[in-house]
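Shown next, in structure tokens, is the structure this report addresses.
The values are calculated or read from the model by the stated rules, or taken from the named source; none is laboratory data. Note that the structure is predicted; figures quoted are calculated from it, not measured. Glycine gets a Cβ as well: all are built from the backbone with ideal geometry, and neighbour counts include every protein chain shown. Protein only, heavy atoms only, side chains kept; ligands, DNA and RNA dropped before computing areas. Shrake-Rupley method; radii C 1.70, N 1.55, O 1.52, S 1.80 Å.
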Amino acid sequence: MGPQKILEYQKSIKFEFIRAQMAFTEFFDFAKTKYSQLTVSGNTNGIDTITKLKYFDAYARWCGHVYEVIKAQAIIDQTIPVDENSQVSIIDKELQKVVEELVSSAVEKPGVTPPSLNPDFSADLRKARNKCSFHCTNNRVKTNILLNFMKNHHREIYFIYYQLATKPELLGVQNLTDFGAIEDFYCFNYSVGKN
């Protein structure tokens, strides 16, 4: 992979991590609403359907963006044997190694114990990203893919997300002059460009 493509990936990774941060903030805000409702009334029956959908959607987007950051970082890392066209089984295996290394390399602080990763973390994260973010199938309302992921892996993904948030290359937009096509999208004036 050439230096220009790596640079483009790096911009995309930063953008993806910012999107993960936005999704997590939304999820956290909806979680506060949910738990304050539980504290007041003891149930969530008073919470409207749109809020429940936004809660699900924010968590699903967060998982998907975290997955994409990890995957894209692996793709541009010459020491990891994956690329844009790798088979899912190879990606799952290699990303599992990446997240295991990320967790084990975390500096332990007093009172903080890094989670031990389940061996199916990466595969489950990919499934949550695939089935809960954008693919419209009956599985979204029939199976508990996202709920099962949250039950089995929430502590792990939050720990990984937190570790990613300490990487200077992922933080802020100060060092970027533009986001390329993303910048172009924002600058486009629809009423002017309309035929």
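Cross-link partners of residue 11 among aspartates and glutamates, defined as those whose alpha carbon lies under 17 angstrom from its own and excluding same-chain residues fewer than eight positions apart: 68, 77, 84, 169, 178, 183, 184.
Here each label is just a point 7 Å from Cα along the line to Cβ, and for residue 171 and residue 53 those points are 3.7 nm apart. Of the GluC sites (Glu not before Pro) found in region 63-114, those in coil by DSSP whose Cβ has at most 16 other Cβ atoms within 10 Å are 84, 108.
Using the Cβ-Cβ distance between residue 85 and residue 28 with R0 set to 30 Å, the FRET efficiency works out to roughly 0.25. Subtracting the Cα-Cα distance of residue 10 and residue 182 from 0.36 nm times their residue separation leaves 60.5 nm of extension gain. Cross-link check: pairs 71/97; 14/151; 14/34; 32/131; 14/54 evaluated at a Cα-Cα cut-off of 22 Å; pairs beyond the cut-off: 14/151; 14/34; 32/131; 14/54. Surface calculation, 1.4 Å probe, protein heavy atoms: residue 120 sits at approximately 70 Å² accessible.
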